[in-house]
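Q: Let me begin by handing over the structure; questions about it come next.
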Amino acid sequence: MEEFISNNKINFIDNLAFYANQVVEGFITGLHKSPYHGFSVEFAEHRLYNSGESTKHIDWKLFARTEKLFIKRYEEETNLRCQIVLDVSSSMYFPIQKKINLETPNKIGFSILAAASLMNLFRRQRDAVGLSIYADTISTHTKPLTSSSHHKMLLLELYSIVKSLNKKLNTGTSTVNSLHEISDRIHQRSLIVIFSDLINDSSDSEELFSALQHLKYNKHEVIIFHVIDRDRELNFNFDSRMHRFVDLESGEELRVNPSDIKNAYEKEMSNFETFLREKCGQFKIDFVPVDCHKGIEPVLMSYLQKRKKLY
């Protein structure tokens, strides 16, 4: 089984960059009608063809109508600004792993790999990307930039998360306060991409959507990738025997046979996901449920579709 971790920062960055590039290359190659192509440039105008020039950009349809050779001229589109927001609270470390594994990543591992793959797409599109990392407080917030040095710095920030894989228990979540603060810090219209399980510190879920509405009020576009272990966290698939369940954020424990509470649990979780989906639809927020054990393609496709709508 291939493992993805190194004590050496350089090896980590190289491995993560290589993996992200492979994911993106495979994703783009697999698209039938790719929404990826044509984002970086758009048609601006025609000009007469000059003898000796490449015929690559001749508008042959226009030639059929006019019997004159014209070249299509293009101009670069306005770059997109994107802020990736990563929830690194303890609940995101379920199921607990000592090392990030490419085949079966946990929630935080999936989010790191997905974020790195998105960063690779941003570089290809010449889009500016920033990174915000939060748990009970915001630990990292960078402005969106496009430079190679900035890209490497973001990979180092992801490395800092990996280093703490075994040190993140009993860390709570302050999603509401963090999103309000992030919204106040971003002064230009941006695409906000959030990776979180949305296990919130507040018992009032309306407060979460008040924070999300703050982002929308500031004219940002928002995509939420709801990262969960679908088999266990949503479908509650555990053996029918006594288990000790531990809240990773509070440390509270509960001993129970999963079969005794499975139906009630599944109903509660289904209602919660339905609530999230409906509220996101109300505020025109893209809600994308993702399983941390599945591929990253839904993340990349959702981003490309959103970018296509914006530009």
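Q: Within the stretch 265-311, how many residues are in a helix (DSSP H, G or I) and farther than 24 Å from Arg123 by Cβ?
A: 18
Q: Here is a follow-up. Only one of Ser250, Ser240, Ser259, Ser190 is open to solvent by 20 Å² or more (accessible area, probe 1.4 Å), of a type outside the set (Val, Ile, Thr) and in contact (Cβ under 8 Å) with a residue 60 or more places away in the chain. Can you tell me which?
A: Ser250
Q: Quick one: Lys309 ticks every box in (1) surrounded by 12 or more Cβ atoms within 10 Å (Cβ to Cβ); (2) free of Cβ contacts under 8 Å to residues at least 40 places away in the same chain except a single one, so which number is it?
A: (1)
Q: Scanning the stretch 267-288 for residues that are open to solvent by less than 60 Å² (accessible area, probe 1.4 Å) and in contact with a Phe, Trp or Tyr (Cβ under 8 Å, 6 or more places away or on another chain), which turns out farthest from His220 (Cα to Cα)?
A: Looking at the filtered set, the residue picked out is Met269.
Q: Let me ask you something else. Return yes or no: is Gly130 assigned to a loop (DSSP other than H, G, I, E, B) and either within 19 Å of Leu198 (Cβ to Cβ) or open to solvent by less than 20 Å² (accessible area, probe 1.4 Å) (or both)?
A: No; evaluated as a whole, the condition is false for this residue.
Q: From the list Ile58, Ile112, Ile100, Ile96, exactly one residue is touching a helix residue (DSSP H, G or I) at 6+ places or on another chain (Cβ under 6 Å) and either open to solvent by 80 Å² or more (accessible area, probe 1.4 Å) or at pLDDT 85 or above (or both). Which is it?
A: Selected residue: Ile112, the only one of Ile58, Ile112, Ile100, Ile96 that is touching a helix residue (DSSP H, G or I) at 6+ places or on another chain (Cβ under 6 Å) and either open to solvent by 80 Å² or more (accessible area, probe 1.4 Å) or at pLDDT 85 or above (or both).
Q: Just wondering, is there one or more residues in the stretch 162-170 that are crowded, with 18+ Cβ neighbours inside 10 Å and at pLDDT 85 or above?
A: Among the residues of the stretch 162-170, not one is crowded, with 18+ Cβ neighbours inside 10 Å and at pLDDT 85 or above, which makes the answer no.
The values are calculated or read from the model by the stated rules, or taken from the named source; none is laboratory data. Note that the structure is a prediction, hence the values are computed from the model and not measured. Here Cβ is always computed from backbone atoms with ideal geometry, including for glycine, and neighbour counts include all displayed protein chains. Calculation scope for accessible area: heavy atoms of the full protein, side chains included, ligands and nucleic acids excluded. Shrake-Rupley method; radii C 1.70, N 1.55, O 1.52, S 1.80 Å.
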